[in-house]
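What follows is one structure encoded as structure tokens, with my remarks underneath.
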Amino acid sequence: MKIAVAGGRDEADFLIGLLLMGKHRLTAINGDRKYCEHLAADYEDVSVIYGDPGKDYVMEDAGVRGADIVIALTDRDADNLEICQMAKRLFGVKKTVCTVRNPKNVEIFEVLGVDRAISATYMLAHYIEQASVVEELVKVMPMDNQKVLMNEIKVRADYEAVGKQVMELSLPHNTIISCIIRDLDVLVPNGQTRIMAGDRLVVMTVPQNQQDMLRGIMGDEHETECRKK
């Protein structure tokens, strides 16, 4: 399929890596020049376009006309809605997907024509609501025929990740901390978010990177203990 990923940083990196495994034709559109340089260096099979994906001429230059899917991952819900609506109205894109920071926007955006609006908070709340056991150290939920694993990790005080910012963690490729549950709050982290003891991390990764992900968060000793259980 022909897929365009508009905006985003870590989540765009993660998604692009997964989509390349499916041999899709990918275009990344991003307004951060340095991040575009990073994407171009890491993914030689991806067409990387520097520019604001909310501008129609940038989307035109990116060749999204007639694409199968446009995925909007910017930090602003309104921008993601605009990108998705423009993709369908002006460029005949078949399906649109976007992330939303405000879970209340999920249903609103879908009424306004976005095919799939995704809220990490909304998904997490639904997942926890349905879980039969929430006190386990690590829970793994296979997704998409086990191509992606979702883990919930309760951070102990002696874990490697405690006190570190997300960007300082030694996490493998195709791994992203999608949510942090801290007391009664649900946080969508960025690179500067600091991990604290007692946090619950919702981490997405691919099966082959599962042990390296656990090692990067727990440390070698605890990862070995976890594997033996």
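The values are calculated or read from the model by the stated rules, or taken from the named source; none is laboratory data. Since we're looking at a predicted model, the values are computed, not measured. So basically every Cβ, Gly included, is an ideal-geometry build from the backbone, and we count neighbours across all protein chains shown. These accessible areas exclude ligands, DNA and RNA; they are computed on the full protein's heavy atoms, side chains included. Shrake-Rupley method; radii C 1.70, N 1.55, O 1.52, S 1.80 Å.
Table for the structure above
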quantity: In region 81-121, trypsin sites (Lys or Arg not before Pro) in a DSSP loop with at most 16 other beta-carbon atoms within 10 Å; calculated: 94, 101, 104
quantity: Within the accessible area of region 160-219 (1.4 Å probe), percent carbon and sulfur; calculated: 49 percent
quantity: Highest to lowest packing among 160-169, 26-35, scored as the average C-beta count within 10 Å; calculated: 26-35, 160-169
quantity: Where region 167-221 is the region considered: accessible area per residue in Å², 1.4 Å probe; calculated: 48 Å²
quantity: Accessible-area composition of region 1-73, carbon plus sulfur, in percent [1.4 Å probe]; calculated: 47 percent
quantity: Out-of-range pairs (alpha-carbon distance over 31 Å; input 23/55; 34/164; 23/164; 34/95; 95/164); calculated: 23/164; 95/164
